[in-house]
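Here is the structure we will look at, set down as structure tokens.
Only the coordinates and a few stated rules stand behind these numbers; no lab work does. Everything numeric in this text was worked out from a predicted model, so none of it was measured. Positions of Cβ are backbone-derived with ideal geometry, glycine not excepted, and every protein chain shown enters the neighbour counts.
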Amino acid sequence: MNKQVEQLRKEYQEIPIPEELDMIVNQAIRTSRKANRGRRTKYSWFAGVGAAAIIFLVTINASTSVANALSAIPGVDRIIKVLTLKEYTLDEPNFNANVKVPSIAHMDNKELESGLNEKYMKENKALFDKFQKEISELKKQGDGHMGLDAGYQVKTDNEDILSIERYVVESAASSSEELKLDTIDKKNQILITLPMLFKDERYIELISSNIKEQMRAQMKADPNKFYWVQGAADVLPTDEFKSITKDQSFYINNEGKLVIVFNKYDVAPGYMGAAEFVIPTEVLEGDLVSHKYIK
């Protein structure tokens, strides 16, 4: 087993990687050696490698340099699914921006992979360019405060599904929050859309009705919660939530449940932030194409 450990160390040391990652890998190797002293079986070796994998996953998004280095280590490419491709930053007294660009790696469907990654890069670069232009105008006027925080979060990552949420939070006099989601069938290497899950468009009414029920139930249980739903006090007809859109933002969670997502201000006052509603599968039963994705 010591030969395997030394081989891993040798392979690692031959890669030009940052100092911060060197500390991580060496720690993982020491963990593996300690495990082997107590029980010299192939299982203790795999336990050590597993510990290294956990450390890799925890630190993968710490910096772009770490992410790029990890992709070169043998075996890691089977674990890593989303990396930070690029990060735009700006830090001034009245203006701050942090924009992280995600990148999907190691898909067999290279056309889908490159298409998504190109979209992510274009969106985030345009976002940062727009921010720079706006603060340039504010500086000319001699006053102003602006902030931009954009990044991503992996909502679901299991054997079947990868769901990525990209968020944009812009702040000035007030703040806004926009969410975009992509859900990928990892086995068939396709992008899942909301309409493809259902036989027809009846799902729009089914989901909308259930969300309204959830809104009313939440407000009844918690007086601090408020949605623009019919029956709530002081809700104007122009604000009232009536229906989801055909291509409403969504993801599929680790339990195989459909989760509908709304941006800040879409269905509630700003203090409520963005909103998510898990839709019970029995509500959708009659209109689902299959239970391949929704359990």
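Computed values, structure above
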read-out: Spatially proximal aspartates and glutamates relative to Lys119 (Cα-Cα < 14 Å; intrachain offsets below 8 disregarded); value: Glu111, Glu165, Asp182
read-out: 27 Å Cα-Cα threshold exceeded, pairs from Lys130/Lys246; Lys81/Lys295; Lys187/Lys257; Lys125/Lys180; Lys122/Lys155; Lys133/Lys242; value: Lys130/Lys246; Lys133/Lys242
read-out: Rh (Kirkwood; distinct C-alpha pairs) - the stretch 222-275, Å; value: 12.5 Å
read-out: Note, ³J(HN,Hα) from phi for the stretch 142-150, Karplus 6.51, -1.76, 1.60, rounded to Hz, x at Gly and Pro; value: x, 7, x, 9, 8, x, 9, 10, 9
read-out: Relative contact order for the stretch 211-282, counting Cα pairs under 8 Å that sit 6 or more residues apart, in percent; value: 25 percent
read-out: For the stretch 102-188, alpha-carbon Rg over 2.2 N^0.38 Å; value: 1.38
read-out: Semi-axes of the equivalent ellipsoid for the stretch 170-273, Cα gyration tensor, largest first, Å; value: 27, 18, 13
read-out: Sorted peptide list for 129-137, 251-259, criterion being average Cβ within 10 angstrom, highest first; value: 251-259, 129-137
read-out: Reach of Lys225 by Cα under 17 Å, taken over aspartates and glutamates that are not fewer than 8 positions away in the same chain; value: Glu213, Asp234, Asp239, Glu240, Asp266, Glu276
read-out: Centroid-to-centroid separation of the stretch 257-280 and the stretch 194-216 [C-alpha atoms, Å]; value: 14 Å
read-out: Relative packing of peptides 236-249, 91-104 - highest average C-beta neighbours within 10 Å first; value: 91-104, 236-249
